[in-house]
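A short write-up of the structure that comes next.
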Amino acid sequence: MKRILSCMQPTSHLHLGNYLGALKNWVRLQEEGAECFYGVVDLHAITVDYDPAQLKDATREIAAAYIAGGVNPYNSAIFVQSAVAGHSQLMWLLATMAQMGKLERMTQFKDKAGKDKERAGLGLFAYPVLMAADILLYRATHVPVGEDQKQHLELARDIASTFNTRYKVDHFIQPEPYIMGAATRVMSLRDGTQKMSKSAESDLSRINLTDDADAIANKIKRAKTDSEPLPDNMNALKTRPEALNLVTIYAALADKSPEKILNQFAGKQFSEFKPKLSELAVSKLAPITARMNELMSDKEEIDRILAKGAQRARAVAEPVLKETMDIMGFWKAP
Ligand code: AQP
């Protein structure tokens, strides 16, 4: 049986990249009958500047987005990372076998630490070790993520194998990345070479799941493009990152291949394509936004769902942590 684990950080509102690259696929896996654990990883969110007064609601909003996007909290466990103590406990154990050299090669750390690497926090540097703990704690077999998380997942596989070799056991499962769908890396609407991101400065660079129809239409209208009409083949988009991004988004929202979309729009100008893309985006996202708003108006219900989810998560995580500590030779009360 497949066991799925995947998470998002409550760093800000979820965006179209999070939806197409991850959440939409989570729902598919749930519908295929896999055992799913979907986390809101608040311990990761505090590795960058954050506002403590906002963290609780940001956490609830991510959970609301999961449910509004189609995760069924009665089938899948939706939980908050900090409510399951095993995440940070296992992280410390795994940190003893994560190599500094490998962590230094993580591109996300380099991007987020920026020029002032010396002042970056240890938490930001060790982020991929906590992510390895998130996954290994559940013995997850598959981890559906966007392309940006592939490197972190390779590290989690590496740590699992180092542990098994060092302690001569077959304890941790090697998690497989699941990079699914047409839009595995949605790019910024302002710059087709940068990934769409919650933390990018310009709000015009992303479509948030909290945006209303006017905001979505406005962002697509102002999305950077070039002056050429759309071509009839994908090869011709290789040197046109912004055009490729919009076609890919259209394809992923329509559940069609990008080639099919080009067949439909070949020779058309963006002035014709963009309103069609807005229409499609609004038709897919407006129901999610409406449901999210509804859920956020009943925070107690979200809290109940998260409390149940944490119970289910702990029931799986605690025995794995205990077994890990036994293998490592820790003392325990007789
Ligand atoms: N642009 C993207 N295209 C496709 N998938 C994406 N994901 C993120 N951005 C894109 C996927 O969304 C999941 C949750 O991501 P996260 O909350 O861990 O944050 P992140 O990957 O660091 O990216 P964000 O959303 O831009 O957040 P910030 O700005 O806070 O770093 C993951 O599966 C990720 O692959």
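The values are calculated or read from the model by the stated rules, or taken from the named source; none is laboratory data. Predicted, not measured: the structure shown is a model, and the values here were computed from it. Backbone-built Cβ (ideal geometry, glycine too); neighbour counts: all protein chains shown. SASA here: full protein model, heavy atoms, side chains in, ligands and nucleic acids out. Shrake-Rupley method; radii C 1.70, N 1.55, O 1.52, S 1.80 Å.
Between the listed residues Ser257, Leu277, Pro241, the Cα displaced farthest toward the positive end of the dipole of region 211-294, a dipole computed from Cβ unit charges relative to the Cα centre, is found at Pro241.
The phi torsions of region 261-271, fed into the Karplus equation with coefficients 6.51, -1.76 and 1.60 and a -60° offset, translate into couplings of 5, 5, 4, 6, 10, 3, x, 8, 7, 5, 4 Hz, rounded to whole numbers, with Gly and Pro shown as x. Once you reduce region 94-164 and region 39-56 to the center of their Cα atoms, the two points are 18 Å from each other.
Treating each Cα of the chain as one equal point scatterer and applying the Debye formula with no solvent, the log10 of I(q)/I(0) at q = 0.06, 0.12, 0.15 Å⁻¹ comes out as -0.22, -0.87, -1.28.
Note on region 211-294: Rg/Rh from Cα positions, Kirkwood definition for Rh, rounded to two decimals, is 1.00. Checking every one of the GluC sites (Glu not before Pro) in region 125-207 against DSSP loop status and a limit of 16 other Cβ atoms within 10 Å picks out Glu201. In the chain, the DSSP-assigned H stretches of four residues or longer account for a calculated mean residue ellipticity at 222 nm of -16500 deg cm²/dmol, using -39500 (n - 2.57) per stretch and the full residue count as denominator. Distance between the C-alpha centres of region 227-280 and region 283-325: 36 Å, rounded to the whole angstrom. Which aspartates and glutamates have a Cα less than 17 Å from the Cα of Lys332, not counting those fewer than 8 places away in the same chain? The qualifying aspartates and glutamates are Glu318, Glu323. Which GluC sites (Glu not before Pro) in region 1-55 pass both tests, a DSSP loop state and at most 12 other beta-carbon atoms within 10 Å? Those satisfying the criteria are Glu32. For the chain, relative contact order (Cα pairs under 8 Å, six or more residues apart, normalised by length) works out to 23 percent.
Shown in residue order for region 215-220 are the 3J(HN,Hα) couplings computed by the Karplus curve 6.51 cos²θ - 1.76 cosθ + 1.60 at θ = phi - 60°: 5, 4, 4, 5, 5, 5 Hz (x for Gly and Pro). Our coupling estimate for region 292-303, obtained by passing each phi through the Karplus curve with A = 6.51, B = -1.76, C = 1.60 and θ = phi - 60°, is 4, 4, 4, 4, 5, 7, 10, 5, 4, 5, 4, 4 Hz, Gly and Pro reported as x.
Under the shape rule built on the C-alpha gyration tensor, where the axes satisfy a ≥ b ≥ c, region 218-259 is oblate, since a/c reaches at least 1.5 while a/b does not exceed b/c. Considering region 1-155, its Cα convex hull presents a mean projected area of 9.1 nm². Distance between the 7 Å Cα→Cβ label points at Arg166 and Glu294: 4.9 nm. Tell me which trypsin sites (Lys or Arg not before Pro) from region 217-248 have a DSSP coil assignment and no more than 12 other beta carbons within 10 Å of their own. In loop regions of region 217-248 (DSSP not H, G, I, E or B), the sparsely surrounded trypsin sites (Lys or Arg not before Pro) are Arg222, Lys238.
At 1.4 Å probe size, with the rest of the protein present, what percent of the exposed accessible area of the chain is carbon and sulfur atoms? Exposed carbon and sulfur together represent 50 percent of the surface. Here each label is just a point 7 Å from Cα along the line to Cβ, and for Lys112 and Tyr74 those points are 3.6 nm apart. When the alpha-carbon atoms of region 43-127 are used, the pair Rg, Dmax equals 15.7, 45 angstrom. Applying a threshold of 25 Å to the alpha-carbon distances of Lys256/Lys284; Lys150/Lys299; Lys224/Lys276; Lys117/Lys195; Lys219/Lys284 flags Lys150/Lys299 as lying beyond it.
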